[in-house]
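S.K.: Below: one structure in structure tokens.
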Amino acid sequence: MKRWMKGISVSLMLVAAAASFGGCGSAGGGSGQQPFTIAYAPNESTEQSADARSALSADLGKALGREVKEISASDYNGIIEALRTKKADMAYLGAEGISLANQRLDGNVDVIVMKAPDGDKAKALYHSVFITRADRSDINSLQDVKGKKMAFVDPGSTSGNLIPTSMIMKAFPNENLDSETLHMNEKFFASAMYAGKHQASIQAVAKGDVDVAAVSDQILQAEINSGNVKAGDIKVIATSDPIPSEGMIIRADMDQNLRKTLTDFLLQYNNEDYFTKVIKVKGARFVEASKADYQPIIELNLLLNT
């Protein structure tokens with residue numbers, strides 16, 4: 001079991017997953033009688049994105065000739081459990097979520113598309129950024145985060161947990177840090193918490209509830225664009241190397257005809273409202289992808305959490 005999972009009750013996690021997905025019928029891979037179900041993480045499950053998600057579901061339902069449902073998970077563990085128990089057929093996940101799903105489902109997942117600004121796969125990248133309030137003159141780089149109140153997003157978040165954890169470990173090579181230590185109170189940080197979603201981490205910084213947070217640069221920009229936070233109130237103190245964009249994953253045992261219809265639909269989908277409000281990048285489109293695009297993150301996850 002991964003270090004960051006220590007202290008979490010397995011039974012409570014299963015109860016949470018069941019609560020998140022209670023009432024959803026099993027969505028078997030090739031059956032035209034059962035609903036096709038898409039699972040979204042908290043970052044995409046906002047009030048602003050509900051209509052856009054529903055529009056894609058309606059359009060996809062016409063292409064598949066069957067009902068399409070959406071389910072919103074409270075965390076990444078819930079999405080992976082839904083895929084494992086076949087309560088979800090497809091899920092939109094970041095690179096770390098994809099690597100965890102691949103590990104826990106014994107490789108029985110495939111990536112079919114990933115988001116790309118302007119539909120250009122060369123741009124299918126984003127970054128993790130460390131942010132603090134603009135008026136914090138004492139926090140200007142990663143070297144200033146020790147002893148502060150820190151917000152991560154979720155254990156399964158790439159830009160909100162995996163990448164920033166590795167960045168801190170590299171920034172403090174003499175501290176003998178590991179993932180467990182960085183997520184405990186009164187160890188390296190004065191306190192460390194999981195906010196649950198990038199938007200919550202951003203607000204925690206803006207309100208002064210925490211000193212520092214690590215979030216996706218694209219979600220930060222989306223929050224600024226929507227007016228949920230003022231650009232002048234936040235400053236970025238560190239930026240990661242590029243991270244492969246989020247992707248749509250399916251169970252590897254999906255019927256091949258269904259897989260092709262689904263992939264073709266996503267590659268041609270051009271509802272700008274969906275990409276702006278759900279995918280969080282105006283002008284983005286889906287491009288072809290595979291697990292190979294996420295191999296560096298899969299390997300980093302194994303290195304840090306085993």
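S.K.: If I go through the range 129-158 residue by residue, how many of them are among the hydroxyl-bearing types (Ser, Thr, Tyr) and at pLDDT 95 or above?
M.R.: 3
S.K.: Run LYS260 past the list (1) basic (Lys, Arg); (2) free of Cβ contacts under 8 Å to residues at least 40 places away in the same chain; (3) buried (at least 19 other Cβ atoms within 10 Å of the Cβ) and report the number of the one that doesn't hold.
M.R.: Unmet condition: (3).
S.K.: Still on this structure, I have one more. Looking at (1) of a type outside the set (Val, Ile, Thr); (2) farther than 14 Å from ARG251 by Cβ; (3) in contact with a helix residue (DSSP H, G or I) (Cβ under 7 Å, 6 or more places away or on another chain), which is the one condition that is false for GLY65?
M.R.: (3)
S.K.: Surrounded by fewer than 21 Cβ atoms within 10 Å (Cβ to Cβ) and either more than 26 Å from LEU125 (Cα to Cα) or under 20 Å from the mean Cα position of the chain (by Cα) (or both), is that true of LYS197?
M.R.: No: the conditions fail for LYS197.
S.K.: Give me the pairs, please: first residue somewhere in the range 290-303 and crowded, with 17+ Cβ neighbours inside 10 Å, second residue anywhere and modelled with pLDDT under 90 and of a type in the set (Lys, Arg), beta-carbon distance under 9 Å, and either six or more positions apart or on two chains.
M.R.: Within 9 Å, the pairs are ASN301/LYS2.
S.K.: Inside the range 223-245, can you point out the residues that are part of a loop (DSSP other than H, G, I, E, B) and either of a type in the set (Val, Ile, Thr) or touching an Asp or Glu at 6+ places or on another chain (Cβ under 7 Å) (or both)?
M.R.: Selection gives VAL229 alone.
S.K.: Quick check: anything in the range 65-72 within 24 Å of ASP293 (Cβ to Cβ) and either in contact (Cβ under 8 Å) with a residue 12 or more places away in the chain or not in a strand (DSSP E or B) (or both)?
M.R.: Checking the range 65-72: not a single residue is within 24 Å of ASP293 (Cβ to Cβ) and either in contact (Cβ under 8 Å) with a residue 12 or more places away in the chain or not in a strand (DSSP E or B) (or both).
S.K.: Tally up the residues in the range 127-166 that are of a type in the set (Phe, Trp, Tyr) and either over 17 Å from TYR76 (Cβ atoms) or not assigned by TED's automatic domain parsing to the domain that holds HIS198 (or both), please.
M.R.: Count: 1.
S.K.: So, LEU267, is that one in contact with a Ser or Thr (Cβ under 7 Å, 6 or more places away or on another chain), part of a helix (DSSP H, G or I) and at negative phi or not? Can you show your working first?
M.R.: Numbers: in contact with a Ser or Thr (Cβ under 7 Å, 6 or more places away or on another chain): no; part of a helix (DSSP H, G or I): yes; at negative phi: yes.
When the stated conditions are applied, LEU267 does not pass them.
S.K.: When you go through (1) touching a strand residue (DSSP E or B) at 6+ places or on another chain (Cβ under 9 Å); (2) more than 28 Å from ILE168 (Cα to Cα); (3) surrounded by 14 or more Cβ atoms within 10 Å (Cβ to Cβ) one by one for GLN268, which number turns out not to apply?
M.R.: (3)
S.K.: Restricting attention to the range 129-167, and to residues there that are of a type in the set (Lys, Arg) and in a loop (DSSP other than H, G, I, E, B), which single residue is farthest from LEU303 (Cα to Cα)?
M.R.: Ranking the candidates gives ARG136 first.
S.K.: So, SER159, is that one under 26 Å from LYS282 (Cβ atoms), of a type in the set (Ser, Thr, Tyr), in contact (Cβ under 8 Å) with a residue 40 or more places away in the chain and touching a Pro at 6+ places or on another chain (Cβ under 7 Å) or not?
M.R.: no
S.K.: Could you tell me which numbered condition GLN221 fails, if it satisfies all but one of (1) closer than 30 Å to ARG136 by Cα; (2) in contact with a strand residue (DSSP E or B) (Cβ under 9 Å, 6 or more places away or on another chain); (3) surrounded by fewer than 18 Cβ atoms within 10 Å (Cβ to Cβ)?
M.R.: It is condition (2) that GLN221 fails.
S.K.: Among the residues of the range 209-218, write down those that are among the charged types (D, E, K, R) and either assigned to a strand (DSSP E or B) or surrounded by fewer than 16 Cβ atoms within 10 Å (Cβ to Cβ) (or both).
M.R.: ASP209
The values are calculated or read from the model by the stated rules, or taken from the named source; none is laboratory data. What you see is a predicted model, and the numbers here were worked out from it, not measured in a lab. As a convention, Cβ positions derive from the backbone with ideal geometry for all residues, glycine included, and neighbour counts pool all protein chains shown.
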